[in-house]
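A.B. asks: Okay, here's the structure, questions in a sec.
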Amino acid sequence: MVKQATDNSVFTSIRSFLTTYVTFPNPLQADICTLWVIGSHILHHRFDSFGYLCINASTKRAGKSVLAELLSMVARDGVIGTSITAAVMRRLVARKATLFFDESESLNSEASSTVREFLNVGYRVGQCVFMPGEGDEVIEYPAYGGKVVVMIGDPNDTLRDRSITITLERAAKTEDRKIYRHSEAMEHAKIIVGTIDKESHDSQLTRSIESITEDYALTYDEAYDFLDSRSAETWSPIFSLAQVFCPSRMDSLIAAATDIDSLKQSTSGKSFRAIREESEANASDESFKEKAIQDLMSVFSHNERAMFTDVAIERMKSIPTSPWRTYKGEGLTAVTLSDLLSTFCKTRSVKIGGKTKRGFQRTDVMNGFEKMGGK
């Protein structure tokens, strides 16, 4: 593939904006999201197709909605909502807005609807949805435009076939990322969008994008060699943009596209209900496990070398912000505490003030806390 050098300040600023607030399990996901955002500003006059982004996760609180909000701030005329009706969608697509469907599990239904019709064809230029007007009149509504769907679980086969999937995971509390505040992020985004708007009317971005027209056909042909036709349509704009804005990432992006395409073709998507049933309980347990080791560490006094289990439970329950007073309905017990801490440390016989009972050694708890990633 032809690799072109360019000033990648737009790419760098958008990517940095996203990674300030979102922890991506794979850094390439940040690259893909950044390139997709850039593409949203030019898709109507540069690309014959533009695949959707599907932001998903197997659990709540993985950062899906935050990522969608951030993307909507820097995409072309981003509009985000949880229930965009067909009538509203027609108007937004007509004005070339970028649509973000948050909490869009309902779109997984294969049942016919106007919104589904827009999604089925709206990744390709020139596609329309036809609706009856007055009398014999038939109205054509353009469907092409940038669209992002956000959901728990996998999209259905039709939607997945037209999307690049960004799967997020719930990050550990120790992850070093900034707390998301909408107003603060919006001010940051305005600066970035102002730069894009300025550059789109004068030099650098315009000159960079001019090269995409020629590259696009070449990239699509090459993508078609290792991806099926619809995946090639979905990914080729990302490849074309990468050649301009981050050519050093090309090989990694090609590998990622191949892996995602192979996974898409060889596995069946799970519904968000099934994934909730399988994953939400496990994710909740992981969160409580981390909380348990953190709180146990915090209730040791400065010079205390050991603590009985019953004392630890009493102190952990006394923490005002702790969940342990009502944990699993009965509150924290010796058995549930032992289960929660099994990954990090175990109880042992400890002797304190002439008494010997089951408890915790401070050094064991500290080692477990460090294993968890505590600071």
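The values are calculated or read from the model by the stated rules, or taken from the named source; none is laboratory data. No experiment lies behind these values; they were computed from the predicted model shown. Here the Cβ is made from the backbone with ideal geometry for all residues, glycine too, and neighbour counts use every protein chain on show. The area values use the complete protein model at the heavy-atom level, side chains included, leaving out ligands, DNA and RNA. Shrake-Rupley method; radii C 1.70, N 1.55, O 1.52, S 1.80 Å.
A.B. asks: Pick from segment 358-375 the residues that are in contact with a helix residue (DSSP H, G or I) (Cβ under 7 Å, 6 or more places away or on another chain) and assigned to a strand (DSSP E or B): which of them is farthest from Met297 (Cα to Cα)?
C.D. replies: Arg358
A.B. asks: Check whether at least one residue in segment 50-64 is touching a Cys at 6+ places or on another chain (Cβ under 8 Å), closer than 18 Å to Phe239 by Cα and not in a helix (DSSP H, G or I), and report yes or no. Let's see the steps before the verdict.
C.D. replies: Taking segment 50-64 first, the residues touching a Cys at 6+ places or on another chain (Cβ under 8 Å) are 53.
So of that shortlist, the ones also closer than 18 Å to Phe239 by Cα come out as 53.
Filter once more, keeping what is not in a helix (DSSP H, G or I): 53.
Within segment 50-64 (the criterion being touching a Cys at 6+ places or on another chain (Cβ under 8 Å), closer than 18 Å to Phe239 by Cα and not in a helix (DSSP H, G or I)), the answer is yes, since at least one residue qualifies.
A.B. asks: Ok, one more. Have a look at Leu168, Leu205, Leu159 and point out the one that is of a type in the set (A, V, I, L, M), buried (at least 20 other Cβ atoms within 10 Å of the Cβ) and at pLDDT below 75.
C.D. replies: Values: Leu168 fails: at pLDDT below 75; Leu159 fails: at pLDDT below 75.
Just a single option satisfies the conditions, and that option is Leu205.
A.B. asks: Could you list all residues from segment 36-45 that are farther than 19 Å from Gly63 by Cβ and outside any loop (DSSP other than H, G, I, E, B)? Lay out the reasoning, then the answer.
C.D. replies: To start, the set of residues in segment 36-45 that are farther than 19 Å from Gly63 by Cβ comprises 38-45.
Those that are farther than 19 Å from Gly63 by Cβ and outside any loop (DSSP other than H, G, I, E, B): Ile38, Gly39, Ser40, Leu43, His44, His45.
Condition check ((1) assigned to a loop (DSSP other than H, G, I, E, B); (2) within 32 Å of the chain's Cα centre (by Cα); (3) of a type outside the set (Lys, Arg); (4) under 19 Å from Phe369 (Cα atoms)) across all residues:
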| position | (1), (2), (3), (4) |
| --- | --- |
| Arg315 | no, no, no, yes |
| Pro320 | yes, no, yes, no |
| Pro323 | yes, yes, yes, yes |
| Gly331 | yes, no, yes, no |
| Val335 | no, no, yes, no |
| Leu340 | no, yes, yes, yes |
| Thr343 | yes, yes, yes, yes |
| Lys346 | yes, no, no, yes |
| Val350 | no, no, yes, no |
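A.B. asks: Only residues that are surrounded by fewer than 21 Cβ atoms within 10 Å (Cβ to Cβ) and part of a helix (DSSP H, G or I): list them for segment 19-33, please.
C.D. replies: Scanning segment 19-33 gives Thr19, Thr20, Tyr21, Pro27, Leu28, Ala30.
A.B. asks: Here's a check for you: in segment 111-129, which residue that is open to solvent by less than 50 Å² (accessible area, probe 1.4 Å) and assigned to a loop (DSSP other than H, G, I, E, B) is modelled with the lowest pLDDT?
C.D. replies: Ser113
A.B. asks: Tell me which residues, restricted to segment 60-85, are hydrophobic (A, V, I, L, M, F, W, C), modelled with pLDDT under 90 and open to solvent by 20 Å² or more (accessible area, probe 1.4 Å).
C.D. replies: Here is the first cut: in segment 60-85, the ones hydrophobic (A, V, I, L, M, F, W, C) are 62, 66-68, 70-71, 73-75, 79-80, 84.
Pick out the ones that are also modelled with pLDDT under 90 and you get 62, 84.
Scanning segment 60-85 gives a single hit, Ile84.
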